[in-house]
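Peer 1: I'd like to ask some things about the structure below.
Values quoted throughout were computed directly from the atomic coordinates according to the rules given, and no laboratory measurement underlies them. Everything quoted here is computed from the prediction, not taken from an experiment. FYI the Cβ positions are ideal-geometry reconstructions off the backbone, even for glycines, and counts take in every protein chain you see.
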Amino acid sequence: MGNSEKGQKMLDAEIELKPQLENPLIHYDEVLNLHQKGMPSGYKTGWNSLDEYYTVMEGQMTVVTGYPGSGKSEFIDALMINLSRKGWKFAVFSFENQPVSFHITKMLEKMSGLPFGLGRTARIKEDELKDYIDDLSVNFAFTSCASGAFSLKDILDAAQVHLSKFPDSPRGVIIDPWNEIEHTRGGMSETDYISKSL
């Protein structure tokens with residue numbers, strides 16, 4: 001390929017990346033469809049009091065913030081269980097819920113509504129464990145991970161390999177918490193780094 005051909009390909013690529021202005025009329029059919037059928041709504045969370053303010057949309061990111069120990073991870077786990085009942089598939093990278101077997105016990109409690117461990121009330125029976133774990137394995141994959149062991153790229157690459165097995169299902173990636181990922185900023189400011197990561 002000659003230099004002139006390379007130059008033309010580079011110029012064509014640059015043109016493709018530039019914003020193009022469009023007349024609103026070319027989107028008339030799409031707008032009419034939204035008017036007739038309504039705006040798309042996300043998946044319900046499983047809590048009526050929350051659904052009025054928040055639903056889960058594919059392709060969007062949700063950030064859960066709060067004080068340490070305020071129940072963020074428990075909320076995320078419960079939300080995942082609710083969404084899994086609607087067919088969602090999840091790749092879970094939870095640095096705070098290690099080992100994975102411990103995290104699984106917490107998920108089983110949310111699935112069954114019963115405690116896992118010994119106590120004063122009835123708990124999950126041993127002969128039910130396999131069925132619950134089989135059910136969990138249909139929608140979830142977990143990773144054993146130590147704090148700072150993986151970069152964001154490592155996580156997203158692993159998630160893509162797993163979640164690509166379910167092209168017809170809604171899918172999600174859980175990173176809990178963000179600050180436990182290996183963050184190599186180089187010379188970037190924290191703001192620039194977060195912007196680039198997002």
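Peer 1: Each residue of the stretch 86-94 in turn: what ³J(HN,Hα) in whole Hz from Karplus with 6.51, -1.76, 1.60 and θ = phi - 60°, glycine and Pro shown as x?
Peer 2: So the Karplus estimates, Gly and Pro as x, are 10, x, 5, 10, 10, 9, 10, 10, 10 Hz.
Peer 1: On a straight-distance basis, which lysines could pair with LYS106 in a cross-link, Cα separation under 27 angstrom, same-chain partners fewer than 8 positions away excluded?
Peer 2: Result set, ordered by chain and number: LYS44, LYS72, LYS86, LYS89, LYS125, LYS130, LYS165.
Peer 1: Enumerate the whole-percent occupancy of each 10 Å bin, from 0 to the last occupied one, for all C-alpha pair distances of the stretch 50-101.
Peer 2: 18, 56, 25, 1
Peer 1: Separate question: I'd like the distance between the alpha-carbon centres of the stretch 58-116 and the stretch 149-198, rounded to an integer number of Å.
Peer 2: 17 Å
Peer 1: Order 43-56, 62-75, 82-95 from most to least packed using the mean count of other Cβ atoms within 10 Å.
Peer 2: Values: 43-56: 13.1, 62-75: 11.1, 82-95: 18.8.
Most protected by this proxy first, the peptides run 82-95, 43-56, 62-75.
Peer 1: Given a cut-off of under 8 Å on Cα pairs at least six residues apart, what relative contact order in percent is computed for the stretch 71-197?
Peer 2: Details: 130 pairs, mean separation 47.4, N = 127.
In percent, rounded to a whole number, it is 37.
Peer 1: Would you tally the net charge around TYR43, using a Cβ to Cβ cut-off of less than 12 Å, leaving TYR43 out, and scoring K and R as +1, D and E as -1?
Peer 2: Values: positive: LYS44, ARG85, LYS86, ARG171; negative: ASP51, GLU58.
Taking every Cβ under 12 Å from that of TYR43, the sum is +2.
Peer 1: With 5 Å bins from zero, work out the P(r) of the chain over every alpha carbon pair and list the percent per bin.
Peer 2: Histogram of Cα-Cα distances, whole percents per bin: 1, 6, 11, 13, 15, 14, 12, 9, 7, 5, 3, 2, 1, 1, 0, 0.
Peer 1: Further, regarding this structure: Putting +1 on Lys and Arg Cβ atoms and -1 on Asp and Glu Cβ atoms, find which of SER197, LEU156, SER169 reaches farthest to the positive end of the dipole of the stretch 128-198.
Peer 2: Farthest towards the positive end: SER197.
Peer 1: Tally the DSSP beta bridges in the chain and give the antiparallel ones as a percent, rounded to 5. All intermediate terms of the calculation are to be shown ahead of the outcome.
Peer 2: Details: 1 of 11 bridges.
If we restrict to bridges inside the chain, about 10 percent are antiparallel.
Peer 1: Rounded if a/c is under 1.5, else prolate if a/b beats b/c, else oblate: with a ≥ b ≥ c from the C-alpha gyration tensor eigenvalues square-rooted, which is the stretch 130-170? If you can, show how the numbers build up before the last one.
Peer 2: Details: a/c = 4.17, a/b = 1.37, b/c = 3.03.
Because a/c hits 1.5 or more and a/b fails to exceed b/c, the stretch 130-170 counts as oblate.
Peer 1: Counting Lys +1, Arg +1, Asp -1, Glu -1, what net charge surrounds ASN97 among other residues with beta carbon under 13 Å of its beta carbon? Present the calculation step by step, with values, prior to reporting the outcome.
Peer 2: Details: positive: LYS72, LYS106, LYS110; negative: GLU74, ASP77, GLU96, GLU109, ASP176, GLU180.
Cβ neighbours under 13 Å give a net charge of -3.
Peer 1: Helix by helix through the chain, keep the DSSP H runs that span 15 Å or more along the axis on Cα and average at least -0.5 on Kyte-Doolittle, and give those back in order.
Peer 2: Details: long enough: 3-17 (21 Å, -0.95); 72-84 (18 Å, 0.55); 100-112 (18 Å, 0.18); 126-139 (21 Å, -1.01); 152-163 (16 Å, 0.51).
Taking the DSSP H segments of the chain (at least 15 Å long, mean hydropathy at least -0.5), we get 72-84, 100-112, 152-163.
Peer 1: Binning every alpha carbon pair distance of the stretch 38-131 at 5 Å from zero, what are the percents per bin?
Peer 2: 2, 10, 19, 22, 20, 14, 8, 4, 1, 0
Peer 1: Right, something else. State to the nearest 20 debye the size of the charge dipole of the stretch 71-197 about its Cα centre, where the only charges are +1 on K and R beta carbons and -1 on D and E beta carbons. Before the final figure, lay out each step's value.
Peer 2: Details: 15 positive and 18 negative charges, 53 e Å.
Dipole magnitude for the stretch 71-197 comes out near 260 debye.
Peer 1: Projected onto the charge dipole of the chain (+1 at Lys/Arg Cβ, -1 at Asp/Glu Cβ, origin at the Cα centre), which of LEU118, VAL63, TYR132 gives the Cα projection farthest towards the positive end?
Peer 2: So the residue we want is LEU118.
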